[in-house]
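The values are calculated or read from the model by the stated rules, or taken from the named source; none is laboratory data. Note that the structure is a prediction, hence the values are computed from the model and not measured. Every residue, glycine as well, gets a Cβ built from its backbone with ideal geometry; the counts of neighbours run over all protein chains shown. Surface accessibility is based on the protein's heavy atoms, side chains included, excluding ligands, DNA and RNA. Shrake-Rupley method; radii C 1.70, N 1.55, O 1.52, S 1.80 Å.
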Amino acid sequence: MSSAAIAPWLASQLRGLLQQRGHAWLLYGPSGLGQYPLALDLVRAWLCEQPTSEGACGHCESCHAIDVRTHADLFVLMPETDMIELGWPLSEKAQADIDDKKRKPSREIRVDAMRDAIEFAQRTSGRGRGKAVLVYPAERMNQVTANALLKTLEEPPGDVRFVLATEAAHQLLPTIRSRCLGHTMSWPKPTEAAEWLSQQGVGPVDVQVLLRAAGGRPEDALSYSRAGVDAKHWAALPRAVSRGDAVAFADWSPARVVDGLLKLCHDLMAVRAGASPRFFAAADLPQPPSFDALATWSRDLARTFRTVEHPYNAGLLLEALVSQGHRALHSGQEIRR
Ligand SMILES: [Zn+2]
């Protein structure tokens with residue numbers, strides 16, 4: 001196989017999916033459980049020349065064509081930003097527009113790309129093992145693109161199969177959901193997740209701390225590690241917020257900052273209520289402020305979270321978020337630096 005061997009909790013789900021028929025699957029669940037790699041392994045197995053009950057063979061021409069991103073019978077429908085990040089080529093037209101700086105790579109699935117996908121679905125397959133369309137993240141279809149796909153899902157041309165993968169199934173049109181067979185992503189056992197993370201090169205101390213930071217979701221933990229967050233860094237965050245110090249978050253995306261602050265707020269509420277924290281170690285947390293202050297902070301963060309993908313100025317937003325946290329943590333007391 002091209003990429004590292006399939007993670008154990010995904011391997012068992014793949015076996016289950018391959019035992020069932022169905023021309024359209026929707027893989028859904030919270031982020032970080034492996035929707036995209038599972039979707040890709042499923043289409044690899046569908047298109048493989050010598051598939052087994054475990055999945056694709058990994059060495060036939062079809063498998064190779066997918067590895068080098070040139071399979072004529074696979075259409076990958078993603079926002080351009082995700083295509084670029086995951087190494088899929090854009091259409092010539094889209095690439096030319098971006099190269100000529102006519103526009104930036106799109107964060108949504110574009111209508112043009114959907115049109116190409118539908119045209120692809122009508123064509124006969126090149127290799128004779130049928131065709132596949134992979135849509136991820138499926139929630140990035142807007143009303144127009146989703147409706148265009150719906151028609152094809154309702155009356156699929158002969159030999160095409162679809163797999164849609166999402167981390168936000170509630171944002172999909174109900175009609176899209178109802179046209180697909182649903183598969184709920186299953187959670188890895190903690191030992192499976194830890195072992196997989198160490199295979200990806202994450203050190204033993206970091207594995208435990210980052211898995212905890214990610215609420216047990218292995219891909220999210222890996223993404224922390226790839227963003228340069230380690231155990232020490234994570235442990236130092238609560239006190240940094242308490243000091244009003246934004247430096248600890250300097251290289252983080254705005255969405256990651258808000259997510260981290262929401263986790264801190266959650267843990268302080270838990271401690272306030274006499275429960276154990278979930279994402280941070282108890283010893284790393286500052287004294288929680290009043291429940292009221294935490295509730296207000298949590299609401300403010302949730303509001304920011306909904307708009308955080310397009311911040312007007314990431315630097316200003318970071319300062320504002322950290323000073324908001326600082327104020328919340330010191331509400332009712334004189335602010336000491
Ligand atoms: Zn193969």
One residue from LEU237, LEU210 being within 19 Å of the chain's Cα centre (by Cα) and of a type outside the set (Phe, Trp, Tyr): LEU210
Could you tell me how many of the residues in segment 28-45 are within 13 Å of the ligand (Cβ to nearest atom) and not aliphatic (A, V, I, L, M)? 2
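Yes/no matrix, rows are residues, columns are (1) open to solvent by 10 Å² or more (accessible area, probe 1.4 Å); (2) in contact with a helix residue (DSSP H, G or I) (Cβ under 7 Å, 6 or more places away or on another chain); (3) at pLDDT below 95; (4) on the phi > 0 side of the Ramachandran plot:
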| residue | (1), (2), (3), (4) |
| --- | --- |
| TYR28 | yes, yes, no, no |
| SER31 | yes, yes, yes, no |
| TYR36 | yes, no, no, no |
| ALA39 | no, no, no, no |
| ALA45 | no, yes, no, no |
| CYS48 | no, yes, no, no |
| CYS57 | yes, yes, no, no |
| CYS63 | no, yes, no, no |
| THR70 | yes, no, yes, no |
Within segment 72-107, how many residues turn out to be within 25 Å of GLN13 (Cα to Cα), surrounded by 15 or more Cβ atoms within 10 Å (Cβ to Cβ) and out of contact with any Gly (no Cβ under 9 Å at 6 or more places or on another chain)? 8
Only one residue in ASP116, ASP159 is surrounded by 15 or more Cβ atoms within 10 Å (Cβ to Cβ) and modelled with pLDDT under 90. Which one? ASP159
Are there helices (runs of 4 or more DSSP H) fully within segment 46-116 with at least 3 residues that are away from the ligand (no atom under 16 Å from the Cβ), touching a residue at least 12 places away in the same chain (Cβ under 8 Å) and of a type outside the set (Ser, Thr, Tyr)? List them. 80-86, 92-99
Among the numbered criteria (1) part of a helix (DSSP H, G or I); (2) within 14 Å of the ligand (Cβ to nearest atom); (3) in contact (Cβ under 8 Å) with a residue 40 or more places away in the chain, which one does GLN13 miss? (2)
State all residues of segment 210-228 that are open to solvent by less than 40 Å² (accessible area, probe 1.4 Å) and aliphatic (A, V, I, L, M); if no residue qualifies, say none. LEU210, LEU211, ALA213, ALA214, ALA221, LEU222
Taking SER106, is it over 29 Å from GLN20 (Cα atoms), within 20 Å of the chain's Cα centre (by Cα) and of a type in the set (Gly, Ala, Ser)? yes
Breaking point among (1) hydrophobic (A, V, I, L, M, F, W, C); (2) in contact (Cβ under 8 Å) with a residue 40 or more places away in the chain; (3) touching a Pro at 6+ places or on another chain (Cβ under 8 Å), for LEU197: (2)
Please state which of the following conditions ARG21 fails to meet, knowing it meets all the rest: (1) charged (D, E, K, R); (2) within 30 Å of ARG110 (Cα to Cα); (3) in contact (Cβ under 8 Å) with a residue 24 or more places away in the chain. (3)
Checking THR175 against (1) under 30 Å from PHE280 (Cα atoms); (2) without any contact (Cβ under 8 Å) to a residue 60 or more places away in the chain: exactly one of these is not met. Which one? (1)
For PRO8, work out the one condition from (1) open to solvent by less than 30 Å² (accessible area, probe 1.4 Å); (2) more than 16 Å from the ligand (Cβ to nearest atom) it doesn't fulfil. (1)
Take GLN20 and decide whether it is of a type in the set (S, T, N, Q), out of contact with any strand residue (DSSP E or B) (no Cβ under 6 Å at 6 or more places or on another chain), open to solvent by 70 Å² or more (accessible area, probe 1.4 Å) and away from the ligand (no atom under 16 Å from the Cβ). yes
